[in-house]
Amino acid sequence: MQYQSQSVAKLYFIAAIGLFVGQILFGLIIGLQYLMGDFMFPEIPFNVARMTHTNLLIVWLLFGFMGAAYYLVPEEAERELESPLLAKLMFWIFLVAGALTVLGYLLVPYSGLAQMTANSLMPTMGREFLEQPTITKIGIVVVALAFLYNIGMTILKGRKTVVNLVLLIGLAGLAVLFLFAFYNPANVVLDKFFWWWVVHLWVEGVWELILGSILAFVLIKTTGVDREVIEKWLYVIIAMTLITGIIGTGHHYYWIGTPEYWQWWGSIFSAMEPIPFFMMTVFAFNMVNKRRRNHPNKAAVLWALGTATMAFLGAGVWGFLHTLSPVNFYTHGTQITAAHGHMAFYGAYVMIVLTIISYAMPILRGRQAANSNRSQVLEMWSFWLMTVSIVFITLFLTAAGILQVYLQRFSDTAMPFMVVQDKIALFYWLRELTGVIFLIGLVVYIASFFVGNDEPEASVEPTAE
Amino acid sequence: MLFLALSFDSVSALPERDNRQNLTETVAQGKILWEENNCIGCHTLLGEGAYFAPELGNAYHRLGGEAGIIGFIKSRPKDGIPGRRSMPQFNFSDEELQAIAEFLKYVSEINTANWPPNIQG
Ligand code: HEM
Ligand SMILES: [Fe+2]
């Protein structure tokens with residue numbers, strides 16, 4: 001570790017992994033509720049378990065992004081963090097606020113939570129992904145501002161690199177777009193229109209900048225390729241992201257009461273959204289092929305290549321599958337959407353966070369550059385277990401989705417939703433079993449932090465050139 | 001920039017499509033109830049939400065009007081239906097049930113470019 005203050009990242013990474021476990025456990029619960037509708041009912045109804053699953057995902061990814069920023073910003077800026085104390089304080093505030101919110105979901109009926117937190121003063125609750133009580137949302141904004149101040153000042157007073165600036169723009173965009181979560185008009189169409197400014201412009205806009213910059217950082221470190229080369233790639237990738245992703249928002253404006261020209265704008269621009277993801281794949285493999293040295297942390301390189309590949313598959317390929325309006329007419333709001341959501345979130349954002357953790361954690365724990373071979377082998381096993389699981393989860397949900405679309409929407413004798421769900425239960429069973437394997441992968445992942453700690457660091461074979 | 005222009009145009013074009021003339025006090029109250037009970041955590045509304053339970057954007061038509069909606073919500077057993085995906089019993093007052101039903105009626109009258117493809121949602 002080059003700068004003492006980078007060590008705050010460790011807290012953030014540990015919390016991220018802990019919440020990740022919670023997310024997966026709740027995923028298994030709702031997966032089972034799909035099949036055994038009365039499982040845990042009425043104590044923990046599906047909607048409560050689902051919001052716990054999705055909110056934990058978002059919160060742990062945010063912990064991961066913040067940890068990534070606290071780790072890489074000082075190193076890039078070549079100076080200590082503006083205020084490590086503020087970073088630690090915000091960590092605890094965010095963690096406690098997050099824990100209270102989740103406890104609120106689980107212990108109080110949702111409408112009771114709305115009452116307790118005076119939702120009627122400023123109603124923002126009860127919309128997908130934005131279920132948090134208004135007071136929690138305000139807390140998120142406060143934490144985000146303190147965080148942006150902290151890394152913003154560090155960058156301002158230090159060396160300004162492209163990686164740092166792209167990361168900062170991404171993080172600032174994340175915070176600014178979140179403000180639309182406070183806009184909740186009674187008009188359903190307007191509500192939905194701006195809801196997407198948070199959700200879509202996050203995952204297909206500013207989060208991609210964060211993804212790109214973390215990936216670029218890890219590639220600079222592990223391949224030794226010239227920073228200039230990597231920066232050029234990063235520029236082109238983020239330019240393509242913004243050109244396609246912003247108007248690409250239109251792929252959510254086909255059927256919610258917005259004008260029909262969005263079917264053209266949305267289809268054309270979102271059809272180009274896979275381009276930046278594909279460029280990321282080419283970028284990562286190219287840089288690794290052109291590497292100047294072999295980095296001893298093979299696991300981190302594997303995660304980086306995995307991210308670039310799986311983000312393209314999940315977001316690019318599975319996104320494209322249903323993004324054209326004539327297709328989306330039939331697939332909108334089905335298991336096809338769920339299939340895509342899972343692979344895209346895992347491939348892009350889960351994996352990039354695990355990439356930076358894989359790269360940084362050994363160093364944060366006092367290693368020179370990498371864990372022991374034994375630990376890395378285990379970590380790579382977990383990579384394959386989790387990644388192959390998510391591929392199969394996606395395939396099973398896609399199969400379920402195709403059947404659902406056919407039986408419920410396409411065939412001449414369309415059947416009711418609940419009847420169709422019964423007919424495709426086989427795929428939900430397969431999905432649930434695969435979910436268990438994912439959990440095993442996650443346990444192996446965590447185990448990799450505890451094995452081989454007293455063994456020597458992995459070393460590298462002589463360089464290729 | 002272009003996106004902002006299109007967004008601005010959309011927002012100006014919405015009055016033609018978003019059924020705002022029927023957005024009464026009761027409908028607004030219905031939306032709050034919809035949110036404070038997190039119906040979106042199980043259902044989709046115009047295709048957005050969770051995929052655990054039926055689409056409700058057109059439930060007004062599928063269930064044959066407000067009475068059908070109210071009857072359905074009212075009749076949910078407190079402990080669920082054994083083995084079946086269950087919807088909670090929310091113990092709404094008659095006035096609240098009316099508000100939710102009117103909210104779903106209002107949503108069903110939004111011009112959605114003919115989505116969903118059929119009555120099953
Ligand atoms: C890593 C980036 C991405 C993530 C994390 C992501 C995630 C998601 C999620 C969670 C949803 C469901 C939203 C809801 O609950 O209603 C969704 C919907 C959608 N996504 Fe993505 N997405 C990504 C990239 C893309 C790309 C690049 C495309 C297009 C090529 C795309 C096309 C779509 C479409 C068309 C829908 C709407 C599905 C529907 O009509 O039900 N996504 N995405
Ligand atoms: Fe999108």
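The values are calculated or read from the model by the stated rules, or taken from the named source; none is laboratory data. All of these numbers come straight from a predicted model, not from anything done at the bench. When we count neighbours, we look across all protein chains shown, and the Cβ atoms used for this are built from the backbone with ideal geometry, even at glycine. What goes into the accessible areas is simple: the full protein's heavy atoms, side chains included, and nothing from ligands, DNA or RNA. Shrake-Rupley method; radii C 1.70, N 1.55, O 1.52, S 1.80 Å.
Do we find a residue being more than 7 Å from chain A (Cβ to nearest Cβ) and assigned to a loop (DSSP other than H, G, I, E, B) anywhere in the range B:93-106?
yes
Scanning for something part of a helix (DSSP H, G or I), open to solvent by 30 Å² or more (accessible area, probe 1.4 Å) and more than 16 Å from ligand 2 (Cβ to nearest atom), does the range A:201-218 turn up at least one residue?
No, the range A:201-218 has no match at all.
Determine if the range A:318-332 includes at least one residue that is in contact with a Leu (Cβ under 9 Å, 6 or more places away or on another chain), in contact (Cβ under 8 Å) with a residue 40 or more places away in the chain and either open to solvent by 10 Å² or more (accessible area, probe 1.4 Å) or within 16 Å of ligand 2 (Cβ to nearest atom) (or both).
Yes, the range A:318-332 contains a residue that is in contact with a Leu (Cβ under 9 Å, 6 or more places away or on another chain), in contact (Cβ under 8 Å) with a residue 40 or more places away in the chain and either open to solvent by 10 Å² or more (accessible area, probe 1.4 Å) or within 16 Å of ligand 2 (Cβ to nearest atom) (or both).
Within the range A:250-267, does at least one residue satisfy the condition of being more than 12 Å from ligand 1 (Cβ to nearest atom) and over 23 Å from B:M1 (Cβ atoms)?
Among the residues of the range A:250-267, at least one is more than 12 Å from ligand 1 (Cβ to nearest atom) and over 23 Å from B:M1 (Cβ atoms), which makes the answer yes.
For the range A:256-276, enumerate the residues that are within 14 Å of ligand 2 (Cβ to nearest atom), open to solvent by 10 Å² or more (accessible area, probe 1.4 Å) and of a type in the set (F, W, Y).
Passing the criteria: A:W265, A:F269.
What number goes with the only condition from (1) touching an Asp or Glu at 6+ places or on another chain (Cβ under 6 Å); (2) outside any helix (DSSP H, G or I) that A:V225 does not pass?
For A:V225, the exception is condition (1).
Pick from A:I58, A:I44: which is β-branched (V, I, T), touching a residue at least 60 places away in the same chain (Cβ under 8 Å) and part of a loop (DSSP other than H, G, I, E, B)? Walk me through how you get there before you give the answer.
Values: A:I58 fails: part of a loop (DSSP other than H, G, I, E, B).
Testing whether each residue is β-branched (V, I, T), touching a residue at least 60 places away in the same chain (Cβ under 8 Å) and part of a loop (DSSP other than H, G, I, E, B) leaves just A:I44.
For the range A:333-344, give me each residue that is touching a residue at least 60 places away in the same chain (Cβ under 8 Å) and more than 10 Å from chain B (Cβ to nearest Cβ).
A:A339, A:A344
Are any residues in the range A:114-125 more than 9 Å from chain B (Cβ to nearest Cβ) and buried (at least 18 other Cβ atoms within 10 Å of the Cβ), and if so, which ones?
Within the range A:114-125, the subset more than 9 Å from chain B (Cβ to nearest Cβ) is A:116-118, A:121-122.
Matches in the range A:114-125: A:T117 only.
Anything in the range A:175-200 that is away from ligand 1 (no atom under 13 Å from the Cβ), touching a residue at least 60 places away in the same chain (Cβ under 8 Å), in a helix (DSSP H, G or I) and not aromatic (F, W, Y)? List them, or say none.
Scanning the range A:175-200 gives A:V188, A:V189, A:D191.
Considering A:G27, A:G37, which residue is among the small types (G, A, S), closer than 15 Å to B:Y51 by Cβ and within 11 Å of chain B (Cβ to nearest Cβ)?
A:G37 is the lone residue from the list that is among the small types (G, A, S), closer than 15 Å to B:Y51 by Cβ and within 11 Å of chain B (Cβ to nearest Cβ).
Yes or no, residue by residue, for (1) open to solvent by 30 Å² or more (accessible area, probe 1.4 Å); (2) more than 16 Å from ligand 2 (Cβ to nearest atom); (3) charged (D, E, K, R); (4) without any contact (Cβ under 8 Å) to a residue 12 or more places away in the chain:
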| site | (1), (2), (3), (4) |
| --- | --- |
| B:L6 | no, no, no, yes |
| B:V11 | yes, yes, no, yes |
| B:L14 | no, yes, no, yes |
| B:R17 | yes, yes, yes, no |
| B:T26 | yes, yes, no, no |
| B:K31 | no, yes, yes, no |
| B:W34 | no, yes, no, no |
| B:N37 | no, yes, no, no |
| B:L46 | no, no, no, no |
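Listed residues B:I110, B:I119; which is within 10 Å of chain A (Cβ to nearest Cβ) and in contact with a His (Cβ under 8 Å, 6 or more places away or on another chain)?
B:I119
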